[in-house]
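J.: One structure is given below, represented as structure tokens, and several questions about it will come after.
The values are calculated or read from the model by the stated rules, or taken from the named source; none is laboratory data. Because the structure is predicted, anything quoted here is derived from the model rather than measured. Cβ sites come from the backbone with ideal geometry, for glycine too, and all protein chains shown count toward neighbours.
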Amino acid sequence: MQRREFIKVAAGGVAMTAVSSLLGGAAWAAADKCIVPWSSDTPMVKREAKKGPFKIALSNSYIGNTWRTEMVQIAKSYTERPEVKPLIASFQATSSGNEVSAQIAQMNQMILSGVDAIIVNAASPTGLNSVIDQAVDAGILVVSFDNVVTTKKAILVNQDQYEMGKKWADFIVDKTGGKGNILVVRGVAGTFVDQERTRAANDIFGKHPDIKTTEVYGNWDDGTAQKVVANALAAGTKFDGVWSQGGDTGVVRAFQQAGLKIPPIAGEAENGFRKLDSELKFPMLSIGQSPALSALSIMVALDALQGKEVPQAVSAPLPIVTTDTLKEGTNFFPKIGDSFFTAISIPVCGLDFTAEQILKQKV
């Protein structure tokens, strides 16, 4: 879903949601600097205010990597903040795995329990649409983030996945001169994030006939990525660059174990990836999908529940780091584990978290 398509989904949502109202261009002046519209065409939503405190539920699908764990930890940490806690009657976070049917059952239980809002990281862009529609029809606010859904009844919160994938691909094209063998390390199959990032890569690489790509699935996980990259290297292809959605520490380790020179790598924001680049100085572009999107989604939900106007589609910034902009203690942490995702804060929203705050939360 590119930006223009994301907007189309959002715009349709307002037309179908009875409590929503479209505002004119003047609405943008009132929009918070944090909760910003996806674009100038994004409509605003205004619900009838409810009296708090509120019951909030987080419906997560896949939990098999560090990013998802941090995302849940950050959500819990945010709800415990002194300024947020009085607004929260209860907070529950559950992970169903990557089976759509299991997440539907999970969300049905949330609906039956009478929550006020459900924050969703979806197993499928379309598979949850019917249960989300049921929730909204029952008066429950639904905010979809990270792996977002296509139903026109959910508020969407995300970073621009297509743009992220494009920036990675542009970097690889620049570093390789638009030719050579590129290893594409994908995420979790079937998810919105994986599809959008990969579509952007294909669009860019497709413009360069001298680029040949090989795809593997790393599931955004260091161990999995290291294994599949090692297998790809063992097949004998010399790779001139790597475009990777995650598990990037494992990607680098695979090249090291094979005794190969590390090529330019465009990837995510794992701590180990950045630590290794700070030592080895291979050409790197690191863009992090922030696990703090969960906290931003709760922030949006609380505003909407209290009757404040919010965009139907909310855009979060892309935190970009290169080899030259690595800074110890700021965007990578030598004393913390390799799999830790470093893009833990969204400063413009006041969503600043320390690694210690996050890691103490139990999932």
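J.: Of all the residues that make up the range 175-199, how many are part of a loop (DSSP other than H, G, I, E, B), under 20 Å from Leu128 (Cβ atoms) and out of contact with any helix residue (DSSP H, G or I) (no Cβ under 8 Å at 6 or more places or on another chain)?
T.: Going through the range 175-199 one residue at a time, the tally reaches 3.
J.: Something else: Report yes if Lys152 is assigned by TED's automatic domain parsing to the domain that holds Asp133 and in contact (Cβ under 8 Å) with a residue 60 or more places away in the chain, otherwise no.
T.: Values: assigned by TED's automatic domain parsing to the domain that holds Asp133: yes; in contact (Cβ under 8 Å) with a residue 60 or more places away in the chain: yes.
Here the answer is yes, as Lys152 does meet what is asked.
J.: Also, quick follow-up: Which of the residues that make up the range 109-136 are within 22 Å of Leu302 (Cβ to Cβ), small (Gly, Ala, Ser) and free of Cβ contacts under 8 Å to residues at least 60 places away in the same chain?
T.: Scanning the range 109-136 gives Ser113, Gly114, Ala135.
J.: Take the range 324-350 and flag every residue that is of a type in the set (A, V, I, L, M, F, W, C) and more than 25 Å from Asp221 (Cβ to Cβ).
T.: Residues satisfying the conditions are Val348, Cys349.
J.: Among the numbered criteria (1) surrounded by 14 or more Cβ atoms within 10 Å (Cβ to Cβ); (2) within 17 Å of Thr191 (Cβ to Cβ); (3) modelled with pLDDT of 95 or more, which single criterion is violated by Val115?
T.: Going through (1) surrounded by 14 or more Cβ atoms within 10 Å (Cβ to Cβ); (2) within 17 Å of Thr191 (Cβ to Cβ); (3) modelled with pLDDT of 95 or more one by one, Val115 breaks only (2).
J.: I would also like to ask the following. Please go through (1) part of a strand (DSSP E or B); (2) within 23 Å of Thr42 (Cβ to Cβ) for Val321 and return the number of the only condition it doesn't satisfy.
T.: Evaluating Val321 over (1) part of a strand (DSSP E or B); (2) within 23 Å of Thr42 (Cβ to Cβ) leaves (2) as the failure.
J.: Take the residues in the range 50-79 that are over 22 Å from the mean Cα position of the chain (by Cα) and assigned to a loop (DSSP other than H, G, I, E, B), then tell me which one is surrounded by the fewest Cβ atoms within 10 Å (Cβ to Cβ).
T.: That would be Lys51.
J.: So which residues in the range 120-150 are in a helix (DSSP H, G or I), in contact with a helix residue (DSSP H, G or I) (Cβ under 8 Å, 6 or more places away or on another chain) and crowded, with 19+ Cβ neighbours inside 10 Å?
T.: Val131, Ile132, Ala135
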